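Accompanying notes for the structure given below.
Here, each number is a calculation from the coordinates, and none is a lab measurement. Bear in mind the structure is a predicted one, so any value in this text is a computation, not a measurement. Ideal geometry is used to build each Cβ from the backbone, glycine not excepted, and the neighbour counts take in all protein chains shown.
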Amino acid sequence: MKTYTQFHGEILISDIGKELRIIAKKEKIAFKVLTGYGSKTGSSRSKNAVLKSLSKMKKEGLINGFFPGEIKNLLLTSSSPFYESKLKYEKAIKFDSDYGNDGVIFIFIR
C-alpha cells in the first residue's frame with residue numbers, strides 16, 4: 001500500500017482536499033497518508049483537514065472507507081464514524097507496520 005507523505009507539512013491545509021481527490025483517482029484499491037501528529041498542541045491541523053476531506057469524499061462516493069491508524073486498539077461502537085470501515089477493511093491492513101500509529105490514515109477505494 002503506497003504511503004503519501006506530503007500531508008505532513010508539505011502542502012497547504014487549503015490544498016489537502018484537492019490533493020486527496022487527485023490521489024484517489026490514481027489509486028485502484030487503497031492508500032495511506034501520513035499527517036501531522038499534533039504532539040505540540042494535541043491536535044494536528046493537517047490530520048483534521050484530511051479527515052474532514054475524506055468524510056466529504058466518502059459521502060460523495062469517491063472512496064469507500066477510511067480510518068486513522070490509532071483506532072487499532074480502540075473498541076468502537078456502531079455510532080463511531082470509523083466503525084464500518086474498521087470492520088470491513090481491518091483484515092487487509094492488520095499486519096501493516098503503520099497500523100496503530102497516530103498520524104497515519106488508511107483510505108480504501110474499493
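Some notes on this structure:
- Simple spin-label estimate for Glu84 and Lys56 gives 2.0 nm between the two label positions (7 Å along the Cα-to-Cβ direction from each Cα).
- Taking every alpha-carbon pair in the chain and binning the separations at 10 Å intervals from zero gives 14, 52, 32, 2 percent.
- Proximity of backbone amide H atoms, modeled 1.01 Å from N, is registered between Tyr4 and Lys32, Val33, Leu34 at under 5 Å, excluding neighbours fewer than 5 places apart on the same chain.
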